[in-house]
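The values are calculated or read from the model by the stated rules, or taken from the named source; none is laboratory data. Just so we're clear, the structure is a prediction, and the values are computed from it rather than from any experiment. Glycine also receives a Cβ, built like all others from the backbone with ideal geometry; neighbour counts cover every protein chain displayed.
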Amino acid sequence: PIKGYGAVEMGVHTFYHTNKGQTQEKVSGTYKFVQLWQFIDETWKLAKVISYSHNEMHND
């Protein structure tokens, strides 16, 4: 929580891809993120997203 503003969320997200002519998804990579949420008019709104620690993406 951030008093008077909202909240910070930190985590990881995984991206997937499907190669042309194939049906099975494969993992492209897993990366870290920070999201800044603002509480305005009794509603949560996403104010900023920072995605980082991106290494080489795998699309084999």
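For region 19-60, the set of residues classified as of a type outside the set (A, V, I, L, M), in contact with a Phe, Trp or Tyr (Cβ under 8 Å, 6 or more places away or on another chain) and at pLDDT 95 or above consists of 33, 37, 38, 39, 44, 45, listed by residue number. For region 24-35, indicate whether the set of residues that are closer than 22 Å to residue 1 by Cβ, surrounded by 11 or more Cβ atoms within 10 Å (Cβ to Cβ) and basic (Lys, Arg) is non-empty. Yes: one or more hits.
The residues of region 36-57 that are among the hydrophobic types (A, V, I, L, M, F, W, C) and more than 15 Å from residue 4 (Cα to Cα), listed by number, are 46, 49, 50, 57. Going by the conditions given, is residue 45 basic (Lys, Arg) and either surrounded by fewer than 12 Cβ atoms within 10 Å (Cβ to Cβ) or at positive phi (or both)? For residue 45, the condition - basic (Lys, Arg) and either surrounded by fewer than 12 Cβ atoms within 10 Å (Cβ to Cβ) or at positive phi (or both) - is met. Of the residues making up region 1-23, those that are surrounded by 10 or more Cβ atoms within 10 Å (Cβ to Cβ), more than 23 Å from residue 59 (Cα to Cα) and under 19 Å from the mean Cα position of the chain (by Cα) are 6, 7, 8, 9.
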